[in-house]
Amino acid sequence: VLFGGAIFGATTATAHHAIQAEFDTKKTQEITGVLIRFAMVNPHVRWYFEEKLPDGKVGEWQFTASGPGAMRDAGLARIFKPGDTYHVTFAPAFNGARVGRLRTMTFPDGRTVTMYHEDPNKSDVKVE
């Protein structure tokens, strides 16, 4: 029984990865797009966007950030509205995929939500 617990514990410990392994946190990119879907899922919430590209085509993006608990605690669980246009800044994926770690999201009314920054002394989620 102890051996099985040791294996389970090791698997759990390695299952969660540092965001710096997937996203280039030294870079910031941005898009303006229409929110298609917001998902409060574990371990990190997800936003799905469509961005109109210069050639007229639509590019799809997926962003991740804090977990659902942090979103609820900050009062952000119900403020994102599919169909609205947002300006998003994010750390891009190393592999070039259209995914990113959300940094900020600016709402149509000008409010900005900060979801991630490099300062460990600040809260990960705030509204300005």
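In table form, for the structure just shown:
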quantity	calculated
Top-ranked residue in segment 25-70 [being crowded, with 16+ Cβ neighbours inside 10 Å and hydroxyl-bearing (Ser, Thr, Tyr); ranked as nearest to the chain's Cα centre (by Cα)]	Thr64
Condition check for Arg103: of a type in the set (D, E, K, R) and open to solvent by less than 40 Å² (accessible area, probe 1.4 Å)	yes
Checking Thr64 against (1) over 15 Å from Met115 (Cα atoms); (2) touching a helix residue (DSSP H, G or I) at 6+ places or on another chain (Cβ under 9 Å), the condition it does not meet	(1)
Every pair of residues 6+ apart whose Cβ atoms lie under 8 Å, when the first sits in segment 72-86 and is on the phi > 0 side of the Ramachandran plot while the second is at pLDDT 90 or above and among the aliphatic types (A, V, I, L, M)	Gly83/Val34; Gly83/Leu35
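The values are calculated or read from the model by the stated rules, or taken from the named source; none is laboratory data. Only a predicted model underlies this, so the values are computations on that prediction, with no experimental measurement involved. In this analysis, Cβ positions are derived from the backbone assuming ideal geometry, glycine residues included, and neighbour counts consider all displayed protein chains. What goes into the accessible areas is simple: the full protein's heavy atoms, side chains included, and nothing from ligands, DNA or RNA. Shrake-Rupley method; radii C 1.70, N 1.55, O 1.52, S 1.80 Å.
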